[in-house]
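Let me begin by presenting the structure, written as structure tokens, before commenting on it.
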Amino acid sequence: MINPVIQQNISQLGQGISFPNQNRNYCLYNDQRTNMIVNAKEEALPYIDTFLKSANTEEQVLDALQVLDKMLDKGVKGIDKMYPALSRFNDSASPNIQVMLSGIYRKTLVPDAFGPLLKMIIRQSVNPNYQYFDPTEEIGGAILEYLRNQAVINKPLINQ
């Protein structure tokens, strides 16, 4: 059964975002809407997955990624299974999207995301695309987390 409250809140993702500026190096989101979706836990994931598959503005993508990031902080399970929907943004030139994706990949450690993270950091290093913050900090942190995790379980990321 479709939960109309969750569906309505997810359909409004992207509305009311404030981007970073000279006084703040992060985005601001609608915390009330975010919390309502996060509190729905796993029940909201199919709706977010569907939303991400059709999201076409930076605001929509960022808002949905921010919700997923908060869900990961709350221990919501199953977000790693959303990699197919998330991966469509791996080549985004937006430093905001790169930071949010990196944070999610850092927490989920989906093996398929390692290569795109490397591509993101190389692209940012060769052709920096940011004004108020450096996305390579978060991207690099995610890469380091992958390497640390792989060293702990003694399994190489790349087959030789």
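From helices alone, the chain scores -17500 deg cm²/dmol at 222 nm; the rule is -39500 (n - 2.57) for each run of n ≥ 4 DSSP H residues, then divide by the residue total. Choose one answer from Arg123, Arg33, Arg148: the residue with the largest mean-square fluctuation in a GNM of the chain with alpha-carbon springs under 10 Å. Largest GNM mean-square fluctuation: Arg148. How big is the gap, in Å, between the Cα center of segment 121-139 and the Cα center of segment 1-72? Taking the Cα centre of segment 1-72 as reference, the centre of segment 121-139 is 24 Å away. Computed in the context of the full set of protein chains, the accessible area of the chain at 1.4 Å probe radius has 50% of its extent on carbon or sulfur. Between Glu145 and Asp31, the modelled label-to-label distance comes to 2.2 nm, taking each label 7 Å out from Cα in the direction of the beta carbon. Result for the chain in a Gaussian network model with C-alpha springs under 10 Å: among Val99, Val67, Val126, the largest mean-square fluctuation is at Val126. Shown are Asp80, Asp31, Asp69, whose ranking by accessible area with a 1.4 Å probe and every protein chain present, most to least, is Asp31, Asp80, Asp69. Placing unit charges on the Cβ atoms only, positive for Lys and Arg and negative for Asp and Glu, gives the chain a dipole magnitude near 280 debye about its Cα centre. Over the Cα atoms of segment 71-144, the radius of gyration divided by the Kirkwood radius equals 0.96; this is the Rg/Rh ratio. Our summary gives the chain a relative contact order of 20 percent, counting only alpha carbon pairs under 8 angstrom and 6 or more residues apart. If the cut-off is a Cα-Cα distance under 28 Å, which lysines reach Lys53, setting aside same-chain residues fewer than 8 apart in sequence? Hits, sequence-local ones excluded: Lys41, Lys70, Lys74, Lys77, Lys81, Lys107, Lys119.
Would you work out which of Ala55, Phe89, Ala151 lies farthest towards the positive end of the dipole of the chain? Charges go on Cβ: Lys and Arg +1, Asp and Glu -1. Sorting the options by dipole projection puts first Ala151. Note that segment 1-73 carries a Kirkwood radius of 12.4 Å, evaluated over its alpha carbons pair by pair.
Within the listed set Lys41, Lys53, Lys70, the residue fluctuating most in the Gaussian network model of the chain (springs between alpha-carbon atoms under 10 angstrom) is Lys53. The overall shape of the chain, judged from the alpha-carbon gyration tensor, is oblate: a/c is not under 1.5, and a/b is no greater than b/c.
The values are calculated or read from the model by the stated rules, or taken from the named source; none is laboratory data. Everything quoted here is computed from the prediction, not taken from an experiment. Here Cβ is always computed from backbone atoms with ideal geometry, including for glycine, and neighbour counts include all displayed protein chains. Heavy atoms of the whole protein, side chains included, go into the accessibility calculation; ligands, DNA and RNA do not. Shrake-Rupley method; radii C 1.70, N 1.55, O 1.52, S 1.80 Å.
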